[in-house]
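K.L.:
This is the structure, below, for whatever I ask next.
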Amino acid sequence: MFKLSKSKSPNLAKIYHEAEDLLNAIPMIKRRRRRRRIFKFFKFFFSVCLGIFLLLAIFFGPAIFSCLGAYKQARAGKANLEEAISLAEKKSFTQAADYAGLAEENFYFSLARTDEARTRFFVSRIPILNRQLEDASYLIKTAEILSKAFKEGLLIAKNLESASSLTFSRFSREEKRKILKSIYESGPELTGLKANLDLAYLNLEKVEARGILKLFKNKIEKFKQELNHGRELAGQAIPMTEIIPALAGYPGKSNFLVLLQNSDELRPTGGFLGTYGILETDSGDITRFDTHDIYHMDMPVKDLLNVAPPESIKKYLNDKWYMRDANWSPDWPTSAQKIDWFFKKENDLLPPENQINNFSGEFNGLMAITPKLVTDLLAITGPIFIDNEEYNQNNFTRLLEYKVEKEYVQLGVPSWQRKEIIGRILEELKIKLFDLPPDRWLEALDAVVENALKKNILVYFKDDRLEDLTKDLGWAGEIKETAGDYLMIVDANLGALKTDAAMSRSISYNLEQGTNGLFVKLRINYKHNGGFDWRTTRYRTYTRIYVPLGSELVKAEGFTEGDTRVGQEAGKTYFGGFMSIEPGEIGSLNFLYKLPDKLAENIANSKQYELLIQKQPGSQVEALAVDLKLKNEVKSYSPTGFYVNDYGEGVKWETELGVDRKFEINF
């Protein structure tokens, strides 16, 4: 039809004109019919679309309006909650609580509109939409509960608002009692707050982050972790509402026997009991804190007291038992009771010229602290000065040891008075702590709590309820009961000066399940980094390994004297022996033992394995490796926060032992 030019390029102009001539050749009537058919098609198409839109509007319109209402209320709730947080930071607690209440109402109505949308006939029958709205409901409910919890927390803070302008030392006795009364009576409110945080966490756990919410999955997971941390803090705060007033002498006066443990001379509960003190508190005031060298108790009665010591003390240290060695059990409640017994016994036997305590009543409890607590508090208060000598967080332990172990001889200070400086240091520290501005109180409290969790503070109450609360807090230093696997390694420095300051420790725990049961290979390495001087010498330790009751020792290597002793204490089996390590040398203890068959049965029935490794107070374990090989297929494990390797046949963790550690595998 078309005649193309012989040229390689087509003649486009000619093609266009010929196509136009062809189109004009079509009769006009046919063109009108074609346009009519096209118009009818589009008319029909738009009619169908309009119908579908109207049907969607009829079926889903109410749900859409409900969702829009829910969104509007949620945004208002978010704005009110942010305003509440801003006001709380300015310590306007009353206004902040009002805005938190408004936020709670906003989220309540938002949840109602969301649930309204979910119950619509057609929405409820479309799974994908229903699941999206279900997740949204859980998130909104979480926000509602958190707003309520925040409001409750603000009301508690308001009760303590009067303490926001003065240092603690400037409060009158009545003002201190008012503050302690507020703390003491806040227990029920904190319990309610904790319950709301638990409920919020449960709702957040139900969010599966599907569809659109999948984009926010990481943020939801991060918020879940923060919420869980908040739950833990609230859980810690509840027992503290009774423990803090009891320690501070409210509602009645309290008396405590305080033991200063030197962790550089490690003993089972944290260190050698070189110094003790009698602490009296009344309505937030320290009305008495006298400290004395423990030899002021032991030496005057050495010929009057005849108590047979534990076999290991008798063999490697003394043939008699005195107060200074009374913390032989690693279970602090047990040792605390024994120390209390020795105090009463020796105090009654002290000759008139040695009666230094002026105390004949009952202690409400006992506390033990290591130097780490003091150095951490010095980091907050700044240095203190005694006789123009600076004591700070970096030099406190070593300088004090030098003063009471060596320099007193050079200065001609009688040995009987060499530790009087400790009381002066603690008095200055108390003054600086009580003079801290209110905005630093939380910092000091955090330091105390952290040291308690690391067992640099141990607390024992004679009151059963307070003692149970102390255990809930993790401050009691007890050997814990557990249905699963267990390990605690306890060293006792016997006549090795302050050599623990120069020792490095590492632990390797390997569990393997065989046809004959569960077997553990345990290795403990000691490296002596010191020498022979006034402070350090060869390391002499009596070491006990606490394992589940009924465990059977197969082999033990590394003890340098005598056989391995197998015994029972605090519901555990222990393996014990003596070891000596020269300066610059490395010593190792190796054990192979079988765990009780009952433990293997529990694992098979529960499909779960748990291992609790407890830290000895005062000890420093730089490296801990836990390698678990069990027959069952591993489904999940915890913790996952530090280095962990799931290598198919088992799970291996590498960490340190600064606090008690719990490891768990689910099959």
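The values are calculated or read from the model by the stated rules, or taken from the named source; none is laboratory data. Because the structure is predicted, anything quoted here is derived from the model rather than measured. All Cβ positions, glycine included, derive from the backbone under ideal geometry; neighbour counts span all protein chains shown.
K.L.:
Considering only residues that are assigned to a helix (DSSP H, G or I) and surrounded by fewer than 17 Cβ atoms within 10 Å (Cβ to Cβ), which ones fall in the stretch 83-97?
P.N.:
Here is the first cut: in the stretch 83-97, the residues assigned to a helix (DSSP H, G or I) are 83-89, 93-97.
Ile85, Ser86, Glu89, Thr94, Gln95 - these are the residues of the stretch 83-97 that are assigned to a helix (DSSP H, G or I) and surrounded by fewer than 17 Cβ atoms within 10 Å (Cβ to Cβ).
K.L.:
Could I ask something else about it? Could you please find all residues in the stretch 336-358 being part of a helix (DSSP H, G or I), over 28 Å from Val448 (Cβ atoms) and touching a Leu at 6+ places or on another chain (Cβ under 9 Å)?
P.N.:
Lys345, Glu346, Leu349
K.L.:
Here is a further query. Six or more apart or on different chains, Cβ under 6 Å: which pairs go from a residue in the stretch 52-78 that's in the same structural domain as Ala143 (by TED's automatic domain parsing) to one that's modelled with pLDDT of 75 or more and of a type in the set (Asp, Glu)? Could you list them?
P.N.:
So the pair list comes out as Ser66/Glu116.
K.L.:
What residue, of Ile489, Ile421, Ile479, is buried (at least 16 other Cβ atoms within 10 Å of the Cβ) and part of a helix (DSSP H, G or I)?
P.N.:
On the way: Ile489 fails: part of a helix (DSSP H, G or I); Ile479 fails: part of a helix (DSSP H, G or I).
Exactly one of Ile489, Ile421, Ile479 is buried (at least 16 other Cβ atoms within 10 Å of the Cβ) and part of a helix (DSSP H, G or I), namely Ile421.
K.L.:
So which residues in the stretch 298-341 are charged (D, E, K, R) and more than 12 Å from Pro268 (Cβ to Cβ), if there are any at all? Break it down into steps so the answer makes sense when it comes.
P.N.:
Residues of the stretch 298-341 charged (D, E, K, R): 298, 302-303, 311, 314-315, 319-320, 324-325, 331, 338, 340.
Residues satisfying the conditions are Asp298, Lys302, Asp303, Glu311, Lys314, Lys315, Asp319, Lys320, Arg324, Asp340.
K.L.:
Among the residues of the stretch 257-265, is any more than 30 Å from Ser580 (Cα to Cα), surrounded by 21 or more Cβ atoms within 10 Å (Cβ to Cβ), touching a helix residue (DSSP H, G or I) at 6+ places or on another chain (Cβ under 7 Å) and modelled with pLDDT of 95 or more?
P.N.:
Yes - at least one qualifying residue is present in the stretch 257-265.
Yes/no matrix, rows are residues, columns are (1) of a type in the set (A, V, I, L, M); (2) in a helix (DSSP H, G or I); (3) touching a residue at least 24 places away in the same chain (Cβ under 8 Å):
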residue: Ser360; (1), (2), (3): no, no, no
residue: Ala379; (1), (2), (3): yes, yes, yes
residue: Leu400; (1), (2), (3): yes, yes, yes
residue: Lys403; (1), (2), (3): no, yes, no
residue: Lys406; (1), (2), (3): no, yes, yes
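K.L.:
Please give the helices (runs of 4 or more DSSP H) falling wholly within the stretch 105-200 in which 2 or more residues are under 22 Å from Glu226 (Cα atoms) and either aliphatic (A, V, I, L, M) or modelled with pLDDT of 85 or more (or both). Break it down stepwise before answering.
P.N.:
Details: elements: 121-124, 127-159, 173-185.
Hits in the stretch 105-200: 127-159.
K.L.:
Filter the stretch 443-464 for residues that are out of contact with any helix residue (DSSP H, G or I) (no Cβ under 7 Å at 6 or more places or on another chain), touching a residue at least 12 places away in the same chain (Cβ under 8 Å) and not aliphatic (A, V, I, L, M) and give the result.
P.N.:
Glu450, Lys454, Lys455, Lys462, Asp463, listed by residue number.
K.L.:
Turning to a different aspect of this structure: Restricting attention to the stretch 521-539, which residues are over 28 Å from the mean Cα position of the chain (by Cα) and assigned to a strand (DSSP E or B)?
P.N.:
Start the filter on the stretch 521-539 by keeping residues that are over 28 Å from the mean Cα position of the chain (by Cα), which leaves 521, 527-539.
Answer for the stretch 521-539, where residues must be over 28 Å from the mean Cα position of the chain (by Cα) and assigned to a strand (DSSP E or B): Lys521, Lys527, His528, Tyr539.
K.L.:
Under 6 Å between Cβ atoms, which residue pairs at least 6 apart in sequence (or on different chains) link something in the stretch 238-249 that is free of Cβ contacts under 8 Å to residues at least 40 places away in the same chain with a partner that is of a type outside the set (A, V, I, L, M)?
P.N.:
The qualifying pairs are Gly249/Thr281; Gly249/Asp282; Gly249/Ser283.
K.L.:
For the stretch 239-293, list the strands (runs of 3 or more DSSP E) that sit wholly inside it and hold at least 2 residues that are among the hydrophobic types (A, V, I, L, M, F, W, C), under 27 Å from the mean Cα position of the chain (by Cα) and outside the structural domain of Gln620 (by TED's automatic domain parsing); which are they?
P.N.:
Values: elements: 254-262, 272-282, 285-293.
Because the criterion is at least 2 residues that are among the hydrophobic types (A, V, I, L, M, F, W, C), under 27 Å from the mean Cα position of the chain (by Cα) and outside the structural domain of Gln620 (by TED's automatic domain parsing), the strands (runs of 3 or more DSSP E) in the stretch 239-293 that meet it are 254-262.
K.L.:
Given the criterion surrounded by fewer than 20 Cβ atoms within 10 Å (Cβ to Cβ), acidic (Asp, Glu) and farther than 19 Å from Lys151 by Cβ, identify the matching residue among Glu226, Glu205. Lay out the reasoning, then the answer.
P.N.:
On the way: Glu226 fails: farther than 19 Å from Lys151 by Cβ.
Residue meeting the stated conditions: Glu205.
For (1) among the small types (Gly, Ala, Ser); (2) closer than 19 Å to Ala483 by Cβ, each residue gets a yes or a no:
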residue	(1), (2)
Ala600	yes, yes
Ala623	yes, no
Val634	no, no
Ser638	yes, yes
Val644	no, no
Glu656	no, no
Val659	no, no
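K.L.:
Being outside any loop (DSSP other than H, G, I, E, B), surrounded by 14 or more Cβ atoms within 10 Å (Cβ to Cβ) and over 24 Å from the mean Cα position of the chain (by Cα), is that true of even one residue in the stretch 632-642?
P.N.:
No - not one qualifying residue is present in the stretch 632-642.
K.L.:
Separate question: Could you list, in sequence order, all residues of the stretch 313-323 that are touching a Leu at 6+ places or on another chain (Cβ under 8 Å), assigned to a helix (DSSP H, G or I) and surrounded by fewer than 21 Cβ atoms within 10 Å (Cβ to Cβ)? Can you show your working first?
P.N.:
Taking the stretch 313-323 first, the residues touching a Leu at 6+ places or on another chain (Cβ under 8 Å) are 313, 316-317, 320, 322-323.
Now narrow it down to the ones that are assigned to a helix (DSSP H, G or I): 313, 316, 323.
Within the stretch 313-323, Ile313, Tyr316 qualify.
K.L.:
Whether any residue in the stretch 584-604 is closer than 20 Å to Leu657 by Cβ, among the hydrophobic types (A, V, I, L, M, F, W, C) and either surrounded by fewer than 18 Cβ atoms within 10 Å (Cβ to Cβ) or out of contact with any Leu (no Cβ under 9 Å at 6 or more places or on another chain) (or both) is what I want to check.
P.N.:
yes
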